[in-house]
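Okay, so here's the structure we're looking at.
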Amino acid sequence: MISTAEAISLISDSTRPLEAVTTALSKSLGCITTEDVTAKIDLPPFDQSAMDGYAICLGGEDTYSVIGEIQAGDDASEFSLSKGEAVKIFTGAMVPKTADLVCRIEDIVEKGNVISVTKTPTKGANIRWQGEQIKKGETSILKGGKVNPATIGFLANLGIKDLSVVRKPIISIISTGNELISPDELNTLPEGKIFESNSVMLSSALHSLGYESRHSRHLQDDYNEVCKGLKKALHESDVLIISGGISVGDYDFVGKGLQENGVKQVFYKVNQKPGKPLFFGTKGNKLVFALPGNPAAALTCFYIYVLPALNKLSGQGFIGLPKSTSTLTTSLTKSNSREQFLKAYDDNNGTVKILEGQSSAMLKSFAEANALIHLPSHSTPQEGETVEVIKLS
Ligand SMILES: Nc1nc2c(c(=O)[nH]1)N[C@H]1C(S)=C(S)[C@@H](COP(=O)(O)OP(=O)(O)OC[C@H]3O[C@@H](n4cnc5c(N)ncnc54)[C@H](O)[C@@H]3O)O[C@H]1N2
Ligand code: MOO
């Protein structure tokens, strides 16, 4: 059986970034840009007032005659002020070229059509100059950056509607098992059945990390159904995330079904708890993860293996959840010959505790956890020792 480090390295070596596509700016959140983006206009596009007040043309006196008003959105390019004149102006409105500065409304006294300035600011005060943020022709964002909400706002402000980015993968989630009933299907469980939970858990994990599952299907433990379902999913996706049916039982058909569909096995089984029977394979550039069905094993394998691969496909490099170290406040009594990922609570102040209920079938402790502790095989760390922590939130 291979180690977790070997599994990670094999997945990374099999993963290539997807091609560039042009996407609507509004749909580009979390994407990696593939080109430098040049500003097509100055920002601001004109000299703008930064305050509500009066734009004045300095005249040597503290009083000014008010000759008009400029609202945000008005074209003031033809507006002309002579020395000693002022125009009422609002935040964001165009400042006439003949104005020297903007006085805040708080710093003047209004008397009819005349204002007295109680505190004259320096020349140029309260004006956001044309192009002071960025000038037409300059680079607004660099190739290889990750689009965040501010990037989208900045580019929208520049009038940019489309962006060239690395395409995000099309992902299918497949759950397998005769025992599974969708909670949407029935309210009461027939004997021997359980409510299906891995697909909604995995699609939520994807969503929380900036990915979406395009297709989700449930397959019965039937060889033909599994083969057909996998064929369809392989045809329509870049990444398959399968849960269950990958162990050694008579009705675990996922391994055989993948082989039948031409998926090349890269590895099967990792020396870890939970998630020992993890399968990873490829078909061309498509990636196939068959996660063990036990829910905590499926989610752990998703975070450790699937997420960094999705990030690499999307142009970000093979990057997983952030890691740090913390001091244990509890001790582990039993060692394991496998590496372990333990559900844990990290207080974000340097200490971490191992939670009760570490079975790979249990999600209760995972739901309370905000971290996984990664332990080497055969280790029994004690209270006070430093351990590696993978942050879930
Ligand atoms: N003889 C052996 N048996 C098992 C071994 C082994 O080495 N030898 N490994 C065990 C380990 S470790 C794991 S993990 C499981 C993995 O088995 P499968 O991937 O084939 O998963 P299933 O048998 O289909 O399911 C396991 C468990 O999880 C529940 N499950 C499955 N899918 C879902 C779902 N979508 N939602 C909620 N729960 C699900 C399923 O009902 C089972 O209880 O194999 C061990 N066996
Ligand atoms: O690998 Mo399994 O997830 O330990 O139960």
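Here are a few things to note about the model shown:
- Hits in segment 9-54 (condition: small (Gly, Ala, Ser) and touching a strand residue (DSSP E or B) at 6+ places or on another chain (Cβ under 8 Å)): Ser14, Ala20, Ala24, Ser28, Gly30, Ala39, Ser49, Ala50, Gly53
- Considered as a group, the residues in segment 8-30 that are assigned to a helix (DSSP H, G or I) and assigned by TED's automatic domain parsing to the domain that holds Ala150 include one that is surrounded by the most Cβ atoms within 10 Å (Cβ to Cβ), and that residue is Leu25.
- All of (1) over 14 Å from Lys391 (Cα atoms); (2) at pLDDT 95 or above; (3) more than 16 Å from ligand 1 (Cβ to nearest atom) hold for Arg338 with one exception: (3).
- For segment 110-168, filtered to residues that are among the hydrophobic types (A, V, I, L, M, F, W, C) and surrounded by fewer than 18 Cβ atoms within 10 Å (Cβ to Cβ), the residue that is nearest to Asp100 (Cα to Cα) is Ala125.
- Matching residues in segment 309-337 - criterion: being closer than 27 Å to Asp252 by Cα and more than 16 Å from ligand 2 (Cβ to nearest atom): Ala309, Leu310
- Any chance Gln358 is part of a strand (DSSP E or B) and either within 16 Å of ligand 2 (Cβ to nearest atom) or in the same structural domain as His378 (by TED's automatic domain parsing) (or both): no
- One residue from Leu287, Leu332 being among the hydrophobic types (A, V, I, L, M, F, W, C), more than 11 Å from ligand 1 (Cβ to nearest atom) and over 30 Å from Leu258 (Cα atoms): Leu332
- For Glu388, the requirement of being touching a residue at least 24 places away in the same chain (Cβ under 8 Å) and charged (D, E, K, R) is met.
- Sole residue being over 14 Å from the mean Cα position of the chain (by Cα) and either within 17 Å of Thr23 (Cβ to Cβ) or assigned by TED's automatic domain parsing to the domain that holds Val288 (or both), chosen from Glu138, Glu191, Glu212: Glu191
- Flag: Ser175 matches the condition of being touching a residue at least 12 places away in the same chain (Cβ under 8 Å) and in contact with a His (Cβ under 6 Å, 6 or more places away or on another chain).
- Gly60, sole failed condition from (1) exposed (fewer than 14 other Cβ atoms within 10 Å of the Cβ); (2) within 31 Å of the chain's Cα centre (by Cα): (2)
- Filtered residue count, segment 290-322, keeping only those that are within 13 Å of ligand 1 (Cβ to nearest atom) and either surrounded by fewer than 21 Cβ atoms within 10 Å (Cβ to Cβ) or assigned to a helix (DSSP H, G or I) (or both): 8
- Enumerated strands (runs of 3 or more DSSP E) restricted to segment 137-245, each holding at least 2 residues that are of a type outside the set (A, V, I, L, M) and more than 30 Å from Pro45 (Cβ to Cβ): 171-176, 213-219
- Residues of segment 252-281 satisfying the condition of being more than 12 Å from ligand 2 (Cβ to nearest atom), touching a residue at least 40 places away in the same chain (Cβ under 8 Å) and part of a strand (DSSP E or B): Val266, Phe267, Phe280
- Residue count, segment 196-227 (criterion: modelled with pLDDT under 95 and within 16 Å of ligand 2 (Cβ to nearest atom)): 0
The values are calculated or read from the model by the stated rules, or taken from the named source; none is laboratory data. Predicted model only: the values in this text are computed from it and were never measured. Cβ atoms come from the backbone with ideal geometry, glycine included; neighbour counts cover every protein chain shown.
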